[in-house]
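Since every read-out is calculated from the coordinates, none of them should be taken as a lab result. None of these values were measured; they are calculated from a predicted model. Glycine also receives a Cβ, built like all others from the backbone with ideal geometry; neighbour counts cover every protein chain displayed.
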Amino acid sequence: MDSESIMLGGNIELVGFKDLDGGSMVILKKMIGNHVRKISDMCSNFEKITINLKHVGSGRNKFEIAAKLVDNGSVYNSEVTDFNLFFTLDKVLQKMQNVIKQ
């Protein structure tokens, strides 16, 4: 874990989320918690998920979110780029669920 990351519980790491305002973080943490609960139920041995946020584009109004999940030694990845932070997070975690289902 580096200084740019935030840990939620013991197995959720957020990277690049430090600059967000408190109100956005409350919503994001709730969304992440709900999705990760569903994801961990689908896993055989959920170990860790790391979610990376990057601002892309000149106006910092486009978000790239990449998620990496470790389940029983297997690694799953998903990535989404969009203009709305909350939709982007929702899409990347939904995509992760779909990757695990396969």
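Side notes on the structure shown:
- Amide H contacts under 5 Å for Lys62, placed H, 5+ residues apart: Val56
- A simple count of charges around Gly23, restricted to other residues whose Cβ falls under 12 Å of its Cβ and scoring Lys, Arg +1 and Asp, Glu -1, yields +1.
- Three principal axis lengths of the chain [C-alpha, angstrom, descending]: 40, 26, 21
- Volume of the Cα convex hull of the range 7-59, divided per residue and given in Å³: 91 Å³
- Simple Cβ-charge dipole of the chain, Lys/Arg +1 and Asp/Glu -1, about Cα centre, in debye nearest 20: 240 debye
- Sorted by Cβ density within 10 Å, fewest first, the residues Thr81, Thr88: Thr81, Thr88
- For the options Leu20, Leu89, Leu53, a Gaussian network treatment of the chain with springs between C-alpha atoms closer than 10 Å singles out Leu20 as fluctuating the most.
- Taking label points 7 Å from Cα along the Cα-to-Cβ direction, Arg37 and Ser24 give a separation of 2.5 nm.
- The gain in end-to-end length when the Gln102 to Lys54 segment is fully stretched comes to 14.6 nm, 0.36 nm per residue minus the alpha carbon separation.
- For the range 16-71, the dipole from Cβ point charges (+1 on Lys and Arg, -1 on Asp and Glu) about the Cα centre works out to 120 debye, to the nearest 20.
- Placing unit charges on the Cβ atoms of the charged side chains and taking the dipole of the chain about its Cα centre, the candidate lying farthest along the positive direction among Val75, Asn11, Phe86 is Phe86.
- Cα centroids of the range 51-102 and the range 1-50: 12 Å apart.
- The dipole here belongs to the range 42-81: it is taken about the Cα centre, uses +1 on the Cβ of Lys and Arg and -1 on the Cβ of Asp and Glu, and is about 240 debye.
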